Amino acid sequence: MEFDRQKLELALKAGKNWNNSPFSLHIFDSVTSTNQTLWNLLAQGEKPGSVVIATQQTAGRGQWGRQWISHPGGLYLSMAIAPKLEASASYQLTLASAWGIADQLRYCGVDVGIKWPNDLVLNSRKLGGILTETKINNGYITQAVIGVGINWINSVPETGINLEMWQDSYATKPISCLEILTSAVLRGIESGIECLAQEGVNILLSRYLELLTNVGDKVYVNDLAGTVVGVTSQGKLRVSMETYDTTDIKTTELYIEPGTISLGYRKSSVPL
């Protein structure tokens with residue numbers, strides 16, 4: 001699948017008063033990992049705003065060291081940024097990117113939501129995911145790479161969905177080509193990080209929560225039932241737990257670290 005650089009550059013400039021794009025684009029047919037390729041470029045002197053794009057990864061990375069299966073025909077990209085954040089706030093970059101990308105895709109007409117902590121969902125199935133990696137010095141983030149994978153025309157598992165198949169029922173496709181999708185994702189990361197920097201984490205979090213699909217979900221923590229009520233600014237899941245004694249019902253709130261519980265996906269009854 002050929003990627004059209006000129007079409008992407010035109011899409012990025014549409015509606016923007018840019019003389020030059022803020023992105024330095026590096027486009028590949030296939031890489032081991034867009035995140036790792038971008039880290040290598042940064043080590044060679046590339047600057048924030050550098051972007052690596054590929055339609056296949058042979059050794060993609062997911063959260064918590066998991067392998068990210070990256071079949072041909074997907075969109076896999078990574079963007080370098082230089083945030084001014086304490087290391088303890090690194091998860092805010094993931095919240096910002098997830099909200100920004102979902103918001104941009106919704107603007108295009110794709111009804112995307114967010115599944116805690118870092119997945120993009122469509123029709124209750126996984127459309128994509130985000131992996132943020134950082135370098136820390138003296139307690140502050142000096143460099144960060146935001147990695148994104150979006151299902152475009154690639155094959156997906158039964159809990160996944162790709163964008164082209166979802167669009168088949170539309171007379172006019174909301175996202176007409178891979179380059180338009182790429183533009184929306186890059187604009188989304190940019191707008192999410194801009195919201196965090198200019199408006200602060202509380203505003204960002206309120207916007208993130210508006211698109212969070214998990215609020216109201218029942219979860220079990222140590223065999224006790226709880227209800228998802230939100231997310232903290234550090235990316236922890238807020239779960240309200242009800243405990244009973246002989247005279248009263250007490251409600252307590254737990255904060256669950258990403259990676260410690262799975263909220264699961266609905267499986268499809270038809271091939272996707």
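Just the residues that are among the β-branched types (Val, Ile, Thr) and within 10 Å of the chain's Cα centre (by Cα), please, taken from the stretch 89-120. Scanning the stretch 89-120 gives Thr94, Ile101, Ile114. Is it the case, given these coordinates, that Lys135 is open to solvent by 70 Å² or more (accessible area, probe 1.4 Å) and touching a Ser or Thr at 6+ places or on another chain (Cβ under 7 Å)? For Lys135, the condition - open to solvent by 70 Å² or more (accessible area, probe 1.4 Å) and touching a Ser or Thr at 6+ places or on another chain (Cβ under 7 Å) - is met.
Yes/no matrix, rows are residues, columns are (1) part of a helix (DSSP H, G or I); (2) of a type in the set (Phe, Trp, Tyr); (3) under 25 Å from Gly235 (Cβ atoms):
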site	(1), (2), (3)
Gln143	no, no, yes
Ala171	no, no, no
Ala184	yes, no, yes
Arg187	yes, no, yes
Cys195	yes, no, yes
Tyr220	no, yes, yes
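Residues that are surrounded by 13 or more Cβ atoms within 10 Å (Cβ to Cβ), polar (S, T, N, Q) and without any contact (Cβ under 8 Å) to a residue 24 or more places away in the chain within the stretch 213-231 comprise just one, Thr227. Restricted to the stretch 28-55, and to residues there that are among the hydrophobic types (A, V, I, L, M, F, W, C), open to solvent by less than 60 Å² (accessible area, probe 1.4 Å) and modelled with pLDDT under 95, the residue that is farthest from Met79 (Cα to Cα) is Val31.
Condition first: in contact with a Ser or Thr (Cβ under 8 Å, 6 or more places away or on another chain), part of a helix (DSSP H, G or I), hydrophobic (A, V, I, L, M, F, W, C) and open to solvent by 20 Å² or more (accessible area, probe 1.4 Å). Now tell me which residues in the stretch 82-126 satisfy that. The one that is in contact with a Ser or Thr (Cβ under 8 Å, 6 or more places away or on another chain), part of a helix (DSSP H, G or I), hydrophobic (A, V, I, L, M, F, W, C) and open to solvent by 20 Å² or more (accessible area, probe 1.4 Å): Ala87. The sole residue among Ser169, Ser155, Ser176 that is open to solvent by 10 Å² or more (accessible area, probe 1.4 Å), without any contact (Cβ under 8 Å) to a residue 12 or more places away in the chain and within 24 Å of Val52 (Cα to Cα) is Ser176. Taken over the stretch 179-206, residues that are open to solvent by less than 10 Å² (accessible area, probe 1.4 Å) and under 15 Å from the mean Cα position of the chain (by Cα) amount to 10.
Collect the residues in the stretch 24-38 that are out of contact with any Ser or Thr (no Cβ under 6 Å at 6 or more places or on another chain) and not in a strand (DSSP E or B), keeping them in residue-number order. Give the derivation first.
Filtering the stretch 24-38 down to residues out of contact with any Ser or Thr (no Cβ under 6 Å at 6 or more places or on another chain) leaves 25-30, 33, 36-37.
Correct list: Asp29, Ser30, Ser33, Gln36, Thr37.
Residues in the stretch 56-77 that are part of a strand (DSSP E or B) and either modelled with pLDDT under 90 or basic (Lys, Arg) (or both): Gln57, Gly60, Arg61, Gln67, Trp68.
The values are calculated or read from the model by the stated rules, or taken from the named source; none is laboratory data. Keep in mind it's a predicted model, so treat the numbers as computed, not measured. Neighbour counts are summed over all protein chains in view; Cβ atoms, including those assigned to glycine, are modelled from backbone coordinates with ideal geometry. With ligands, DNA and RNA removed, areas are computed over all heavy atoms of the protein, side chains included. Shrake-Rupley method; radii C 1.70, N 1.55, O 1.52, S 1.80 Å.
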